[in-house]
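Asker: Okay, handing you the structure first.
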Amino acid sequence: MYKRMFDIDTRMIIWREATISGEGTPMNIRTMYLAVVLLITAGLSSCDKPEQPQSRKVTYADDVEPIIQKHCAECHVTGQQGARASGLLMDSYESLMKGTPFGQVINPGSAMSSSLYILISGKDKLTITMPHGKKPLSDEEIETIRDWIENGAVEN
Ligand code: HEC
């Protein structure tokens with residue numbers, strides 16, 4: 001009944017394997033490269049908005065549900081096209097965490113391996129993005145969802 005349009009899981013696994021194996025680059029060069037990247041990142045983040053607390057608490061009820069109500073719920077409730085095409089209901093925390101008949105769309109703790117985040121972030125060359133055929137979410141909304149998933153996708 002449901003047809004999967006793409007296969008994120010396989011691509012993520014291939015990407016991870018490539019990252020771990022380093023694709024033949026000698027270890028010392030990779031380590032040096034990593035050290036340089038870390039130094040630059042540390043340097044950049046230390047001058048970047050120093051007063052902002054890093055661990056903002058993001059919850060489904062306070063932060064994520066309003067975004068979903070605004071941009072997603074119209075299609076991902078029983079009978080509407082998003083629910084019919086993918087099986088994904090987004091009318092409650094439970095149904096969102098349950099995902100589709102193929103499995104979860106949120107992997108608590110890892111936005112980059114959550115298909116929901118990949119689809120809204122537009123950072124990946126996919127043939128579909130969400131919301132389907134509509135204006136993308138704002139950067140702030142995308143970051144809220146990312147932080148929520150990274151912090152464990154809690155309900156309250
Ligand atoms: C206009 C209708 C519509 C809106 C709005 C919409 N979707 Fe969808 N969604 C769909 C359709 C249709 C599909 C099935 C795939 C396709 O045909 O693009 C889908 C599929 C998905 C899937 C894929 C499930 C899978 O793994 O197969 C996810 C995740 C998803 N939507 C998340 C969202 C999120 C998050 C939002 C809000 C930001 C959203 N959708 C808004 C129509 C919609």
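Asker: How many nm separate the modelled label positions at Ala61 and Leu39, each set 7 Å beyond the Cα in the direction of the Cβ?
Answerer: So the two model labels end up 4.8 nm from each other.
Asker: Would you mind giving the three semi-axes, in whole Å and largest first, of the ellipsoid equivalent to the stretch 60-150 according to its Cα gyration tensor?
Answerer: Equivalent ellipsoid semi-axes, largest first: 17, 15, 14 Å.
Asker: I've got another one for you. Mind sorting Ile68, Ile40 by how few other Cβ atoms lie within 10 Å of their own Cβ, fewest first?
Answerer: So the ranking, lowest neighbour count to highest, is Ile40, Ile68.
Asker: Expressed in nm to one decimal, what extension gain is obtained for the pair Phe102 and Asp147 from 0.36 nm per residue of sequence separation less their Cα-Cα distance?
Answerer: Computed gain between Phe102 and Asp147 is 13.8 nm.
Asker: For a quick check: with amide H placed at 1.01 Å from N, whose amide H comes under 5 Å from Thr100's, ignoring anything fewer than 5 positions away on the same chain?
Answerer: Val105
Laboratory data are not the source of any read-out in this text; all were calculated from the coordinates shown. Everything quoted here is computed from the prediction, not taken from an experiment. Virtual Cβ from ideal backbone geometry, glycine too; neighbours counted across all protein chains shown.
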